[in-house]
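Only one structure is covered here, and it is reproduced in the block below.
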Amino acid sequence: MTKRLNLFAFICITILLAGCWNHRELTDIGIIAAVGIDYGQDKRYNMTFQFVNPKNIAGNQQTSGLSGPAITIYESEGDNLLEAARSASQHAPRQLYFAHTDVLMIGEEVARDGLTDILDISIRNPDFRSTATIVIAKDSTAEQILKTLTPLDQIPANKIDKTLQFSESRWGENIHLTIGELVPTIYSKSKQAVVSGFVLKGDKEKGKQDANIQSSPPLAPLNADGIGIFKGDKLITWAEGKTARGINWILNNIQSTVMAVDWKDKKDAFGITINLSKSKVSANVKNNKPHITVHIDAEGGITEADTFLDLSKAEELIKVQNALRKEIKKEIENSIQFAQKHKADVFGFGEKISHVDEDYWKKVEDVWNEEIFPNLEVKVEVNAFIRRTYLISKPFLYEHKGND
(Lines give C-alpha, C1' and ligand atoms only; values in the text may rest on other atoms or scores of the structure.)
Protein backbone atom coordinates (compact mmCIF):
# COMPACT_ATOMS: atom_id res chain seq x y z
CA MET A 1 0.00 0.00 0.00
CA THR A 2 2.81 2.38 0.93
CA LYS A 3 4.58 1.70 -2.36
CA ARG A 4 1.40 2.49 -4.32
CA LEU A 5 0.98 5.79 -2.45
CA ASN A 6 4.62 6.74 -3.11
CA LEU A 7 4.22 5.88 -6.79
CA PHE A 8 1.01 7.94 -7.04
CA ALA A 9 2.71 10.93 -5.34
CA PHE A 10 5.69 10.67 -7.67
CA ILE A 11 3.42 10.65 -10.77
CA CYS A 12 1.51 13.70 -9.49
CA ILE A 13 4.70 15.66 -8.82
CA THR A 14 6.07 14.73 -12.25
CA ILE A 15 2.92 16.00 -13.96
CA LEU A 16 3.00 19.27 -12.02
CA LEU A 17 6.66 19.92 -12.82
CA ALA A 18 6.38 19.07 -16.50
CA GLY A 19 4.85 22.41 -17.48
CA CYS A 20 6.64 25.70 -18.09
CA TRP A 21 4.28 28.43 -16.94
CA ASN A 22 6.25 31.38 -18.34
CA HIS A 23 7.62 29.90 -21.57
CA ARG A 24 8.09 32.13 -24.60
CA GLU A 25 8.46 30.95 -28.16
CA LEU A 26 11.57 32.14 -30.01
CA THR A 27 9.36 33.47 -32.79
CA ASP A 28 7.56 35.68 -30.27
CA ILE A 29 10.56 37.53 -28.80
CA GLY A 30 12.70 40.30 -30.22
CA ILE A 31 16.32 40.28 -29.05
CA ILE A 32 17.39 43.84 -28.22
CA ALA A 33 21.09 44.62 -28.62
CA ALA A 34 20.93 48.23 -27.44
CA VAL A 35 18.52 50.70 -25.84
CA GLY A 36 18.70 54.46 -26.36
CA ILE A 37 17.04 57.13 -24.20
CA ASP A 38 16.40 60.70 -25.36
CA TYR A 39 13.77 63.38 -24.93
CA GLY A 40 10.84 63.50 -27.31
CA GLN A 41 8.09 66.09 -27.52
CA ASP A 42 7.38 68.08 -24.34
CA LYS A 43 10.34 66.33 -22.68
CA ARG A 44 8.63 62.96 -22.75
CA TYR A 45 11.02 60.04 -22.88
CA ASN A 46 11.81 58.75 -26.36
CA MET A 47 13.25 55.24 -26.38
CA THR A 48 15.10 53.63 -29.28
CA PHE A 49 15.35 49.85 -29.47
CA GLN A 50 17.97 48.19 -31.65
CA PHE A 51 16.53 44.78 -32.53
CA VAL A 52 18.67 41.99 -33.96
CA ASN A 53 17.58 40.46 -37.27
CA PRO A 54 18.86 36.87 -36.82
CA LYS A 55 18.24 35.87 -40.46
CA ASN A 56 20.40 38.75 -41.67
CA ILE A 57 23.44 37.87 -39.59
CA ALA A 58 23.49 34.15 -40.26
CA GLY A 59 26.46 32.98 -42.30
CA ASN A 60 29.15 35.31 -43.55
CA GLN A 61 28.83 39.06 -43.85
CA GLN A 62 28.78 39.07 -47.67
CA THR A 63 25.74 36.81 -47.98
CA SER A 64 23.87 38.27 -45.01
CA GLY A 65 24.35 41.84 -46.21
CA LEU A 66 22.35 41.05 -49.36
CA SER A 67 19.19 40.28 -47.40
CA GLY A 68 19.06 43.53 -45.48
CA PRO A 69 20.55 45.19 -42.39
CA ALA A 70 21.40 43.13 -39.32
CA ILE A 71 19.26 45.38 -37.11
CA THR A 72 15.80 46.90 -37.06
CA ILE A 73 15.01 50.07 -35.11
CA TYR A 74 11.77 50.73 -33.25
CA GLU A 75 10.95 53.84 -31.25
CA SER A 76 8.36 54.73 -28.64
CA GLU A 77 7.50 57.61 -26.29
CA GLY A 78 6.07 57.85 -22.81
CA ASP A 79 5.78 60.11 -19.78
CA ASN A 80 8.05 57.69 -17.94
CA LEU A 81 10.44 54.98 -19.05
CA LEU A 82 8.13 52.06 -18.26
CA GLU A 83 5.33 53.62 -20.30
CA ALA A 84 7.72 54.29 -23.17
CA ALA A 85 8.99 50.71 -23.12
CA ARG A 86 5.51 49.18 -23.00
CA SER A 87 4.18 51.43 -25.74
CA ALA A 88 6.75 49.89 -28.09
CA SER A 89 4.34 46.95 -28.37
CA GLN A 90 2.26 49.16 -30.69
CA HIS A 91 5.10 49.05 -33.22
CA ALA A 92 7.24 45.97 -32.58
CA PRO A 93 5.68 42.64 -33.65
CA ARG A 94 7.56 40.78 -30.92
CA GLN A 95 7.96 40.95 -27.16
CA LEU A 96 10.98 43.00 -26.08
CA TYR A 97 13.71 40.70 -24.76
CA PHE A 98 16.50 42.45 -22.83
CA ALA A 99 18.57 39.47 -21.66
CA HIS A 100 21.17 40.08 -24.41
CA THR A 101 21.22 43.88 -24.31
CA ASP A 102 24.86 45.01 -24.43
CA VAL A 103 24.54 48.81 -24.52
CA LEU A 104 22.47 51.46 -22.79
CA MET A 105 22.97 54.72 -24.71
CA ILE A 106 21.90 57.98 -23.03
CA GLY A 107 21.41 61.18 -25.01
CA GLU A 108 23.55 64.07 -23.73
CA GLU A 109 20.52 66.26 -22.95
CA VAL A 110 19.02 63.53 -20.77
CA ALA A 111 22.37 62.89 -19.04
CA ARG A 112 22.68 66.57 -18.14
CA ASP A 113 19.24 66.47 -16.49
CA GLY A 114 20.07 63.37 -14.43
CA LEU A 115 20.24 59.57 -14.58
CA THR A 116 18.28 58.67 -11.45
CA ASP A 117 15.09 57.49 -13.21
CA ILE A 118 17.06 55.58 -15.83
CA LEU A 119 19.28 53.75 -13.36
CA ASP A 120 16.31 52.96 -11.10
CA ILE A 121 14.34 51.14 -13.78
CA SER A 122 17.49 49.50 -15.20
CA ILE A 123 18.38 47.93 -11.85
CA ARG A 124 14.80 47.26 -10.75
CA ASN A 125 13.84 45.43 -13.95
CA PRO A 126 14.92 41.76 -13.58
CA ASP A 127 14.96 41.32 -17.35
CA PHE A 128 17.61 44.01 -17.89
CA ARG A 129 21.29 43.15 -17.43
CA SER A 130 23.29 45.20 -14.93
CA THR A 131 26.36 44.17 -16.96
CA ALA A 132 25.21 46.22 -19.97
CA THR A 133 27.67 48.95 -20.97
CA ILE A 134 26.47 52.50 -20.33
CA VAL A 135 27.50 55.25 -22.77
CA ILE A 136 26.65 58.92 -23.33
CA ALA A 137 25.79 60.15 -26.86
CA LYS A 138 28.15 63.12 -26.98
CA ASP A 139 26.88 66.17 -28.91
CA SER A 140 24.18 63.90 -30.29
CA THR A 141 21.17 61.78 -29.45
CA ALA A 142 21.05 58.09 -28.65
CA GLU A 143 18.59 57.66 -31.51
CA GLN A 144 21.02 59.02 -34.10
CA ILE A 145 23.86 56.78 -32.92
CA LEU A 146 21.82 53.57 -32.62
CA LYS A 147 20.38 54.05 -36.11
CA THR A 148 23.85 54.21 -37.66
CA LEU A 149 24.96 51.09 -39.52
CA THR A 150 28.55 49.99 -38.91
CA PRO A 151 31.05 48.01 -41.00
CA LEU A 152 33.02 45.06 -39.58
CA ASP A 153 30.52 44.62 -36.73
CA GLN A 154 27.10 44.12 -38.27
CA ILE A 155 25.35 44.93 -34.99
CA PRO A 156 26.22 48.53 -33.96
CA ALA A 157 25.85 47.69 -30.26
CA ASN A 158 28.76 45.27 -30.61
CA LYS A 159 30.83 47.95 -32.33
CA ILE A 160 30.20 50.39 -29.46
CA ASP A 161 30.91 47.89 -26.69
CA LYS A 162 34.07 46.45 -28.27
CA THR A 163 35.44 49.87 -29.24
CA LEU A 164 35.23 51.02 -25.62
CA GLN A 165 36.95 47.87 -24.41
CA PHE A 166 39.82 48.18 -26.89
CA SER A 167 40.14 51.94 -26.42
CA GLU A 168 40.39 51.55 -22.65
CA SER A 169 42.99 48.78 -22.88
CA ARG A 170 45.10 50.18 -25.74
CA TRP A 171 44.80 53.97 -25.56
CA GLY A 172 43.60 54.96 -22.09
CA GLU A 173 41.29 57.90 -22.88
CA ASN A 174 38.00 56.04 -22.32
CA ILE A 175 36.37 53.90 -19.68
CA HIS A 176 34.37 50.72 -20.26
CA LEU A 177 31.69 50.95 -17.55
CA THR A 178 28.63 48.82 -16.80
CA ILE A 179 25.36 49.92 -15.21
CA GLY A 180 26.13 47.84 -12.11
CA GLU A 181 29.50 49.55 -11.70
CA LEU A 182 28.03 53.03 -12.16
CA VAL A 183 25.17 52.85 -9.64
CA PRO A 184 27.24 52.83 -6.39
CA THR A 185 29.33 55.79 -7.60
CA ILE A 186 26.49 57.94 -8.89
CA TYR A 187 25.01 58.31 -5.40
CA SER A 188 28.28 58.58 -3.49
CA LYS A 189 29.42 61.76 -1.75
CA SER A 190 33.04 60.60 -1.69
CA LYS A 191 33.46 59.88 -5.42
CA GLN A 192 31.87 61.32 -8.54
CA ALA A 193 31.08 59.23 -11.60
CA VAL A 194 32.66 59.19 -15.06
CA VAL A 195 31.07 57.70 -18.20
CA SER A 196 32.55 57.40 -21.68
CA GLY A 197 31.07 59.26 -24.62
CA PHE A 198 30.43 58.18 -28.19
CA VAL A 199 30.23 60.65 -31.05
CA LEU A 200 28.68 60.42 -34.51
CA LYS A 201 30.53 62.28 -37.26
CA GLY A 202 29.95 62.82 -40.94
CA ASP A 203 26.61 62.54 -42.76
CA LYS A 204 24.10 61.40 -40.13
CA GLU A 205 21.36 60.61 -42.64
CA LYS A 206 23.60 58.45 -44.83
CA GLY A 207 24.79 56.68 -41.68
CA LYS A 208 21.40 54.95 -41.52
CA GLN A 209 21.74 53.55 -45.02
CA ASP A 210 23.63 50.61 -46.53
CA ALA A 211 25.94 53.16 -48.18
CA ASN A 212 27.59 53.67 -44.79
CA ILE A 213 28.85 50.09 -44.66
CA GLN A 214 29.65 49.92 -48.34
CA SER A 215 31.88 52.99 -48.27
CA SER A 216 35.49 53.08 -47.11
CA PRO A 217 35.83 55.04 -44.95
CA PRO A 218 32.25 55.07 -43.57
CA LEU A 219 30.22 58.16 -44.43
CA ALA A 220 29.16 58.51 -40.79
CA PRO A 221 31.72 56.89 -38.46
CA LEU A 222 31.06 56.18 -34.78
CA ASN A 223 33.96 56.96 -32.44
CA ALA A 224 34.63 56.76 -28.72
CA ASP A 225 35.30 60.33 -27.62
CA GLY A 226 36.03 61.69 -24.15
CA ILE A 227 34.91 60.98 -20.61
CA GLY A 228 31.75 62.54 -19.22
CA ILE A 229 32.23 64.06 -15.75
CA PHE A 230 29.26 63.75 -13.42
CA LYS A 231 28.23 65.59 -10.29
CA GLY A 232 25.70 63.47 -8.50
CA ASP A 233 23.59 61.96 -11.26
CA LYS A 234 24.08 64.87 -13.71
CA LEU A 235 26.60 65.22 -16.53
CA ILE A 236 28.41 68.55 -16.11
CA THR A 237 31.31 68.54 -18.60
CA TRP A 238 33.64 66.47 -20.77
CA ALA A 239 37.28 65.51 -20.20
CA GLU A 240 39.09 64.87 -23.46
CA GLY A 241 42.48 63.80 -24.76
CA LYS A 242 45.32 63.88 -22.26
CA THR A 243 43.02 65.19 -19.52
CA ALA A 244 40.89 62.06 -19.86
CA ARG A 245 44.00 59.89 -19.80
CA GLY A 246 45.24 61.70 -16.69
CA ILE A 247 42.02 60.71 -14.94
CA ASN A 248 42.58 57.09 -15.95
CA TRP A 249 46.16 57.17 -14.64
CA ILE A 250 44.83 57.92 -11.16
CA LEU A 251 41.90 55.48 -11.44
CA ASN A 252 44.40 52.71 -12.32
CA ASN A 253 42.70 52.15 -15.68
CA ILE A 254 45.82 52.43 -17.85
CA GLN A 255 46.64 49.00 -19.24
CA SER A 256 48.59 50.25 -22.21
CA THR A 257 49.05 53.58 -23.98
CA VAL A 258 51.55 55.56 -26.04
CA MET A 259 53.33 58.65 -24.71
CA ALA A 260 54.85 61.28 -26.98
CA VAL A 261 57.89 62.76 -25.21
CA ASP A 262 59.68 65.98 -26.19
CA TRP A 263 63.45 66.08 -26.25
CA LYS A 264 65.29 69.39 -25.97
CA ASP A 265 63.93 71.57 -28.80
CA LYS A 266 62.30 68.72 -30.69
CA LYS A 267 58.61 68.06 -30.07
CA ASP A 268 57.42 64.45 -29.83
CA ALA A 269 60.93 63.13 -30.34
CA PHE A 270 60.18 59.78 -28.70
CA GLY A 271 57.19 57.49 -28.86
CA ILE A 272 57.09 55.32 -25.73
CA THR A 273 54.63 52.45 -25.38
CA ILE A 274 53.50 51.94 -21.79
CA ASN A 275 52.71 48.29 -21.18
CA LEU A 276 52.56 48.20 -17.40
CA SER A 277 51.29 50.77 -14.92
CA LYS A 278 50.00 50.86 -11.38
CA SER A 279 48.57 53.69 -9.31
CA LYS A 280 48.23 54.02 -5.56
CA VAL A 281 46.40 56.79 -3.71
CA SER A 282 47.14 57.42 -0.04
CA ALA A 283 45.52 59.95 2.27
CA ASN A 284 46.00 61.52 5.69
CA VAL A 285 44.56 64.35 7.77
CA LYS A 286 46.92 66.62 9.70
CA ASN A 287 45.79 69.56 11.82
CA ASN A 288 42.29 69.19 10.45
CA LYS A 289 43.58 69.47 6.86
CA PRO A 290 43.42 66.61 4.32
CA HIS A 291 46.36 65.61 2.14
CA ILE A 292 46.49 63.21 -0.81
CA THR A 293 49.46 61.50 -2.44
CA VAL A 294 49.14 59.87 -5.86
CA HIS A 295 51.92 57.43 -6.71
CA ILE A 296 52.31 56.03 -10.23
CA ASP A 297 54.65 53.29 -11.43
CA ALA A 298 54.93 52.95 -15.20
CA GLU A 299 57.04 50.76 -17.47
CA GLY A 300 57.43 50.75 -21.22
CA GLY A 301 59.69 50.69 -24.22
CA ILE A 302 60.83 53.11 -26.88
CA THR A 303 58.93 52.25 -30.05
CA GLU A 304 59.80 55.39 -32.01
CA ALA A 305 62.80 57.71 -31.95
CA ASP A 306 63.22 60.81 -34.07
CA THR A 307 66.27 62.49 -32.59
CA PHE A 308 70.06 62.16 -32.28
CA LEU A 309 70.62 60.15 -29.11
CA ASP A 310 72.67 57.05 -28.30
CA LEU A 311 70.28 54.93 -26.23
CA SER A 312 72.95 52.29 -25.64
CA LYS A 313 74.37 54.61 -22.98
CA ALA A 314 72.69 54.19 -19.61
CA GLU A 315 72.98 57.86 -18.72
CA GLU A 316 71.13 58.84 -21.91
CA LEU A 317 68.37 56.33 -21.25
CA ILE A 318 67.92 57.71 -17.73
CA LYS A 319 67.42 61.18 -19.22
CA VAL A 320 64.62 59.84 -21.43
CA GLN A 321 63.08 58.13 -18.40
CA ASN A 322 63.06 61.44 -16.56
CA ALA A 323 61.41 63.14 -19.54
CA LEU A 324 58.74 60.41 -19.57
CA ARG A 325 58.19 60.80 -15.83
CA LYS A 326 57.66 64.55 -16.20
CA GLU A 327 55.19 64.03 -19.06
CA ILE A 328 53.09 61.56 -17.05
CA LYS A 329 53.19 63.81 -14.00
CA LYS A 330 52.06 66.80 -16.07
CA GLU A 331 49.07 64.86 -17.45
CA ILE A 332 48.01 63.78 -13.97
CA GLU A 333 48.38 67.23 -12.43
CA ASN A 334 46.40 68.79 -15.28
CA SER A 335 43.58 66.30 -14.79
CA ILE A 336 43.48 67.05 -11.05
CA GLN A 337 43.28 70.78 -11.76
CA PHE A 338 40.51 70.13 -14.30
CA ALA A 339 38.45 68.14 -11.79
CA GLN A 340 39.04 70.72 -9.05
CA LYS A 341 37.91 73.50 -11.38
CA HIS A 342 34.61 71.67 -11.94
CA LYS A 343 34.31 70.68 -8.25
CA ALA A 344 33.90 66.99 -9.02
CA ASP A 345 36.03 64.46 -7.15
CA VAL A 346 36.09 61.76 -9.84
CA PHE A 347 39.20 60.19 -8.30
CA GLY A 348 37.61 59.09 -5.03
CA PHE A 349 39.97 61.16 -2.87
CA GLY A 350 37.09 61.72 -0.45
CA GLU A 351 36.64 57.99 -0.18
CA LYS A 352 40.29 57.63 0.87
CA ILE A 353 39.90 60.39 3.46
CA SER A 354 36.80 58.71 4.90
CA HIS A 355 38.81 55.52 5.46
CA VAL A 356 41.68 57.16 7.34
CA ASP A 357 39.69 59.67 9.44
CA GLU A 358 36.01 58.88 9.71
CA ASP A 359 35.29 61.67 12.21
CA TYR A 360 36.79 64.32 9.94
CA TRP A 361 34.90 62.95 6.95
CA LYS A 362 31.55 63.18 8.75
CA LYS A 363 32.19 66.88 9.29
CA VAL A 364 33.06 67.67 5.67
CA GLU A 365 31.22 65.14 3.50
CA ASP A 366 28.36 67.51 2.66
CA VAL A 367 30.73 70.25 1.48
CA TRP A 368 33.55 68.07 0.15
CA ASN A 369 33.06 68.69 -3.57
CA GLU A 370 32.12 72.36 -3.24
CA GLU A 371 34.62 73.60 -0.66
CA ILE A 372 37.28 71.06 0.32
CA PHE A 373 38.18 69.19 -2.89
CA PRO A 374 38.78 72.32 -5.07
CA ASN A 375 41.54 73.42 -2.65
CA LEU A 376 42.88 69.99 -1.76
CA GLU A 377 46.65 69.56 -1.68
CA VAL A 378 47.60 66.66 -3.93
CA LYS A 379 51.17 65.42 -4.28
CA VAL A 380 51.96 63.46 -7.44
CA GLU A 381 54.87 61.01 -7.51
CA VAL A 382 55.82 59.14 -10.68
CA ASN A 383 58.38 56.41 -11.25
CA ALA A 384 58.88 55.71 -14.95
CA PHE A 385 61.12 53.00 -16.36
CA ILE A 386 62.13 52.22 -19.93
CA ARG A 387 62.77 48.49 -20.03
CA ARG A 388 63.58 48.03 -23.70
CA THR A 389 64.46 49.83 -26.92
CA TYR A 390 63.30 46.96 -29.15
CA LEU A 391 66.68 45.90 -30.55
CA ILE A 392 67.64 49.39 -31.71
CA SER A 393 69.84 51.27 -29.27
CA LYS A 394 71.02 53.82 -31.81
CA PRO A 395 68.24 55.43 -33.88
CA PHE A 396 68.83 55.48 -37.64
CA LEU A 397 69.13 59.26 -37.55
CA TYR A 398 71.96 58.95 -35.03
CA GLU A 399 73.87 56.42 -37.14
CA HIS A 400 73.30 58.42 -40.30
CA LYS A 401 74.71 61.50 -38.61
CA GLY A 402 77.76 59.52 -37.56
CA ASN A 403 78.44 58.49 -41.17
CA ASP A 404 78.33 62.04 -42.51
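Taking the mean number of other Cβ atoms within 10 Å as a proxy for protection, how do you rank 75-85, 308-318 from highest to lowest? Numbers along the way, then the final one.
Working: 75-85: 16.6, 308-318: 14.1.
Order by mean packing, descending: 75-85, 308-318.
How big is the dipole moment of the chain about its Cα centre under a simple scheme where the beta carbon of each Lys and Arg is +1, that of each Asp and Glu is -1, and everything else is neutral? Debye, nearest 20, please. Could the numbers behind the result be given before it?
Values: 49 positive and 54 negative charges, 180 e Å.
For this selection, approximately 860 debye.
Tell me which trypsin sites (Lys or Arg not before Pro) from the stretch 198-233 have a DSSP coil assignment and no more than 14 other beta carbons within 10 Å of their own. Write down the numbers at each step before the final one.
Values: sites: LYS201, LYS204, LYS206, LYS208, LYS231; in loops: LYS201, LYS204.
Here no loop site has a sparse enough neighbourhood.
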- Item | Dipole in debye (nearest 20) - the stretch 255-379, about Cα centre, beta carbon charges: Lys, Arg +1; Asp, Glu -1 | 240
- Task: Counting only DSSP beta bridges with both residues in the chain, tell me the antiparallel percent, nearest 5.
- Result: 65
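I want the local charge near ASP268. Using Cβ-Cβ distances under 10 Å, sum +1 for each Lys or Arg and -1 for each Asp or Glu among the other residues. Mind showing how you got there, number by number?
Numbers: positive: LYS266, LYS267; negative: ASP262, GLU304, ASP306.
Value of the local net charge: -1.
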- Message: Could you tell me which residue out of ALA220, THR101, HIS91 lies farthest along the dipole of the chain toward its positive end? Charges go on the beta carbon: Lys and Arg +1, Asp and Glu -1, centred on the Cα centre.
- Response: THR101
- Karplus-derived 3J(HN,Hα) from phi for the stretch 269-278 (6.51 cos²θ - 1.76 cosθ + 1.60, θ = phi - 60°), whole Hz, x at Gly and Pro, runs 6, 10, x, 10, 8, 7, 10, 7, 8, 8
- Task: Order the peptides 212-219, 253-260 from the highest to the lowest mean number of other Cβ atoms within 10 Å of their residues.
- Result: 253-260, 212-219
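Taking only protein heavy atoms and a 1.4 Å probe, what accessible area per residue, in Å², does the stretch 248-404 have with all protein chains in place?
Solvent-accessible surface per residue comes out at 55 Å².
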- Query: What label, among (1) 22.6; (2) 20.2; (3) 31.7, belongs to mean projected area of the Cα convex hull in nm² computed from the structure on display?
  - Reply: (3)
- Message: Suppose all protein chains stay in the model; what accessible area per residue would a 1.4 Å probe give for the stretch 151-202, in Å²?
- Response: 40
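What part of the accessible area of the chain, given as a whole %, is carbon or sulfur when the probe is 1.4 angstrom? Display every interim value, and only then the final one.
On the way: 10740 of 21240 Å².
Of the solvent-accessible surface of the chain, carbon and sulfur hold 51 percent.
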- Packing-based ranking, highest mean first, of 37-44, 245-252 given that Cβ atoms within 10 Å are counted: 245-252, 37-44
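The values are calculated or read from the model by the stated rules, or taken from the named source; none is laboratory data. None of the values given here were measured: they were computed from a predicted structure. Positions of Cβ are generated from backbone atoms using ideal geometry, with glycine treated the same way; all protein chains shown enter the neighbour counts. Just the protein is used for accessible areas: all its heavy atoms, side chains included, with ligands, DNA and RNA removed. Shrake-Rupley method; radii C 1.70, N 1.55, O 1.52, S 1.80 Å.
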